[in-house]
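What follows is calculated from the coordinates using simple rules that are stated; it is not laboratory data. None of these values were measured; they are calculated from a predicted model. Every residue, glycine as well, gets a Cβ built from its backbone with ideal geometry; the counts of neighbours run over all protein chains shown.
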Amino acid sequence: MSQSSVINLPESIGKTDNFEFYSCSHGREILNSENFSPDIMNYLEGESKTIQEVIINYLEDYHAMLEVGCGHARNVGVSLRLGLKYYGIDFIENEIVTARRKLKEKKLSGHVKCLSVLDLNKATTPVPASLKTVCIFPFNVFGNIFEPVRILKIMHDLNYTMLISTYRQDADKDAVLSYYKACGLNHVKAMTVENGTMFVTKEGFRSIVYHSDYLYDIASQLGLVVDSFEFSKIGKLYYIR
Ligand SMILES: C[S@@+](CC[C@H](N)C(=O)[O-])C[C@H]1O[C@@H](n2cnc3c(N)ncnc32)[C@H](O)[C@@H]1O
């Protein structure tokens, strides 16, 4: 079965590009740690710890980490602790400005760039071609972009190993819904779509948690191998190479 590049979503969902959402004030709230419930704090701690463990246990001789949807350079500490050069991309200019300020103030080395992952290629990547790279997708950013096959192809072309952090399919949906509500988002609901569970809000935010089977299927069609690790109450990390 061949997979189309853009996933099928019910028409009622409307726009599927989160750029406008992330550009407005609501978008900032989703990255504001004051809105993180204990379940989300626990998820993010488990995420960083699991990324670190997978890199230590499975990835040998890597030189660089590229964080997609890096926000304020969330995982720069993990990267530098592991001796990896840190790079980040985010498609919101303000996030990149804040990330640069943080790197400068904390005297951390790293390079961040305003770029959508969908425009990432050999010419645009901030990572020098000579560096063996692990690309991380934290905090379900992979589920914010509705072209999973295209992203896997981009990573494959760049020869980047991927670590994708998302929520478990069987996770208590209320843990995620209550976080979105704390961010001031309205009419938040979870709905079942073809390849996973989608969270939608009145403000135009859309985020999908893919079924494991779907991710394994699209990865294997590109000849990629997948392993996964569960962490915290709700987290799951996919290791794809
Ligand atoms: C880390 S995620 C957080 C997702 C949210 N917590 C959730 O539950 O789905 C959001 C970050 O990814 C960035 N982002 C979203 N789509 C992107 C894309 N296509 N390319 C680069 N950055 C993107 C956003 O600007 C934001 O800083």
Completion exercise
Considering residues that are outside any strand (DSSP E or B), in contact with a helix residue (DSSP H, G or I) (Cβ under 8 Å, 6 or more places away or on another chain) and β-branched (V, I, T), the number found within the range 77-120 is 3
Exercise for the section: Please go through the range 176-234 and pick out each residue that is outside any loop (DSSP other than H, G, I, E, B) and among the charged types (D, E, K, R). Expected result: K181, K189, R206, D213, D217, D227, E230
Completion exercise
Of the conditions (1) loosely packed, with under 15 Cβ neighbours inside 10 Å; (2) at positive phi, the single one that N121 does not satisfy is (2)
Practice task
Taking the residues in the range 74-111 that are in contact with a Leu (Cβ under 6 Å, 6 or more places away or on another chain) and within 13 Å of the ligand (Cβ to nearest atom) as candidates, determine which candidate is farthest from V127 (Cα to Cα).
Solution key: I89
Handout entry: Cross-chain or 6+ apart pairs with Cβ under 7 Å, the range 87-116 first and within 23 Å of Y62 (Cα to Cα), then among the charged types (D, E, K, R) and within 16 Å of the ligand (Cβ to nearest atom)
Key = G88/E67; I89/K113; V112/R100
Practice task
Taking the options S130, S116, name whichever one is of a type in the set (G, A, S) and either within 15 Å of the ligand (Cβ to nearest atom) or crowded, with 16+ Cβ neighbours inside 10 Å (or both).
Solution key: S116
Practice task
Those residues that are within 12 Å of the ligand (Cβ to nearest atom) and either crowded, with 23+ Cβ neighbours inside 10 Å or not in a loop (DSSP other than H, G, I, E, B) (or both), I need them from the range 147-172; list them, please.
Solution key: P148, R150, I151, I154, I164, S165, T166, Y167
